[in-house]
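Chemist: Take a look at the following structure, please.
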Amino acid sequence: MTTTVQPGATTAPTTGPVVVGWFEPGSDAWHAARAQGIGGSEIAAVLGLSPYESRFSLWHRKQGLSAPVEESEEMYWGKEHEPAICRRFAKEHPDLPVTTAPTYTHPERTWQIANPDRHAGPDLLEAKTSRDVEGWGEEGTDQIPVYYRAQCLWYMDVLQVARCWVAVLIAGSEYREYVVEYDEAEAVFMREAGAEFMASLAAGERPAIDGHSATYQTVRELPDGLDDVDVEIETALRDRFHQAQDTFWAAEDELTACKGLLLDAIDTGRRATYNQQRIATRTVRNGKTYQLLPARTRRNTR
């Protein structure tokens with residue numbers, strides 16, 4: 001793969017965005033248009049903010065060394081609900097004509113790609129779905145998951161738009177709206193990170209292995225075949241692995257004890273709360289406790 005970082009990679013544009021084309025999200029043409037750059041859903045991975053992909057996994061995918069991301073059920077239903085969410089937004093805002101949007105690139109940084117869901121008058125509109133309210137703050141604010149904020153700012157930076165609306169359908173029945181305003185300082189930070197990532201692709205310098213599940217999955221996919229041989233590793237790696245095992249087992253025991261204490265504290269209740277914030281939810285099957293689901297997860301705290 002040959003990648004060229006454009007001159008002036010951290011400067012503001014002097015002309016408008018370039019229309020690459022109109023593509024069906026998830027199609028081969030859509031993937032091809034994004035292959036040589038960084039899209040809005042990918043900049044969060046570059047920044048280490050994505051719960052779905054790591055910098056390591058994105059780098060290998062861009063190099064063609066790992067398979068494309070397979071469409072999950074969450075991704076499928078998000079795509080299915082998008083038109084309905086956008087129609088609801090249009091109904092709530094008759095003063096903002098909602099229209100479909102093509103795929104754009106920045107006129108100078110051609111690797112900076114924007115594929116917004118819709119235009120909403122002079123603004124942009126992103127339609128999202130969420131299983132619950134975790135990560136979503138007070139409606140009407142910009143309190144949205146950080147990886148969605150990065151996506152909005154990336155798109156606004158390419159199109160030089162001042163505002164991006166985020167309409168979200170929560171748990172299949174609760175509609176909310178949020179507003180993200182353009183922030184030049186954040187945009188510059190992302191441009192610089194994007195330029196550095198593209199340079200690492202051109203130089204063949206892969207990111208370090210981290211603790212993201214997507215990184216581990218990528219490492220698992222890279223070797224081809226199996227050689228029945230022993231491979232000697234360094235002492236430091238052995239010690240780190242053993243220490244991690246011991247820490248994990250101790251944490252697992254502590255977590256099990258805490259779950260027992262929580263279940264005992266809420267007795268026949270459904271949720272454990274603190275200052276009216278949900279800590280965990282108890283589920284019941286056939287009259288017995290089935291499991292205790294924590295409200296705080298790696299996904300919304302990464």
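Chemist: Give the number of residues within segment 143-189 that are under 12 Å from Leu124 (Cα atoms), touching a residue at least 60 places away in the same chain (Cβ under 8 Å) and surrounded by 16 or more Cβ atoms within 10 Å (Cβ to Cβ).
Modeler: 8
Chemist: Here is a further query. Residues to consider are Leu169, Leu201; find the one that is in the same structural domain as Ala44 (by TED's automatic domain parsing), at pLDDT 95 or above and outside any helix (DSSP H, G or I). Even if it seems obvious, please write down each step before you answer.
Modeler: Details: Leu201 fails: outside any helix (DSSP H, G or I).
Step by step, each of Leu169, Leu201 is checked, and only Leu169 is in the same structural domain as Ala44 (by TED's automatic domain parsing), at pLDDT 95 or above and outside any helix (DSSP H, G or I).
One line per residue, one yes/no per condition, for (1) more than 21 Å from Phe23 (Cα to Cα); (2) within 22 Å of the chain's Cα centre (by Cα); (3) assigned by TED's automatic domain parsing to the domain that holds Val188:
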| site | (1), (2), (3) |
| --- | --- |
| Lys79 | no, yes, yes |
| Pro83 | no, yes, yes |
| Cys86 | no, yes, yes |
| Leu96 | yes, no, yes |
| Thr105 | no, yes, yes |
| Thr110 | no, yes, yes |
| Ala120 | no, no, yes |
| Lys128 | no, yes, yes |
| Pro145 | yes, yes, yes |
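The values are calculated or read from the model by the stated rules, or taken from the named source; none is laboratory data. Computed from a predicted structure; not experimentally measured. In this analysis, Cβ positions are derived from the backbone assuming ideal geometry, glycine residues included, and neighbour counts consider all displayed protein chains.
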